[in-house]
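Here is the structure we will look at.
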Amino acid sequence: MKRKGFTLIEVLLASVILGIGMAVMLVAVSRCLVLMKRTKDFQMAQWTMGMGDLTYPIDPNDDTTLEVNEDYDITEGFAYARTAEEVEEEGMDLIEENGVRLFMVKTSVKWSDAAPVEEVTRYVLIREDESK
């Protein structure tokens, strides 16, 4: 006599394989959601950096425009900051004699305590205004 249907071992094996497949899918979806959140945060950080640079442009004739520290409420807790350090190294005498100062400007955006800071470093020449 032939029996039709599945044995208990076949059903258990199919359940185990299905469970493993579902666990793998849940892990993949979870990682995908984390990656999407990080991508959104990075995009908002880039947007905040662009808005900060547009709102607070660097005036090449005025070194007071280099330092900025601003919180953007529009961008959900993103903070824009720009700091400047005057570069003082050997060989800078020629530049200073011509009434020009060189600054290393670091622009950064921070969006939460646990997240990394997006930072861009550039060099800016500031001309000394002789009328001051």
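The values are calculated or read from the model by the stated rules, or taken from the named source; none is laboratory data. Keep in mind that what you see is a predicted model, and the values were worked out from it rather than measured. Reconstructed Cβ throughout: ideal geometry from the backbone, glycine too, with neighbour counts over all protein chains shown. SASA here: full protein model, heavy atoms, side chains in, ligands and nucleic acids out. Shrake-Rupley method; radii C 1.70, N 1.55, O 1.52, S 1.80 Å.
Quick one: which of 17-29, 50-62 comes out on top by average Cβ neighbours within 10 Å, and what's the full order, highest first? Write out the running numbers ahead of the final one.
Values: 17-29: 10.0, 50-62: 13.5.
Packing order, densest peptide first, comes out as 50-62, 17-29.
Could you work out what % of the accessible surface of the range 7-64 is carbon and sulfur, using a 1.4 angstrom probe and leaving DNA, RNA and ligands out of the count?
Reported share for carbon and sulfur atoms: 76 percent.
Which of the peptides 3-15, 35-47 is most tightly packed, and how do the rest follow, going by the mean number of other Cβ atoms within 10 Å of each residue?
35-47, 3-15
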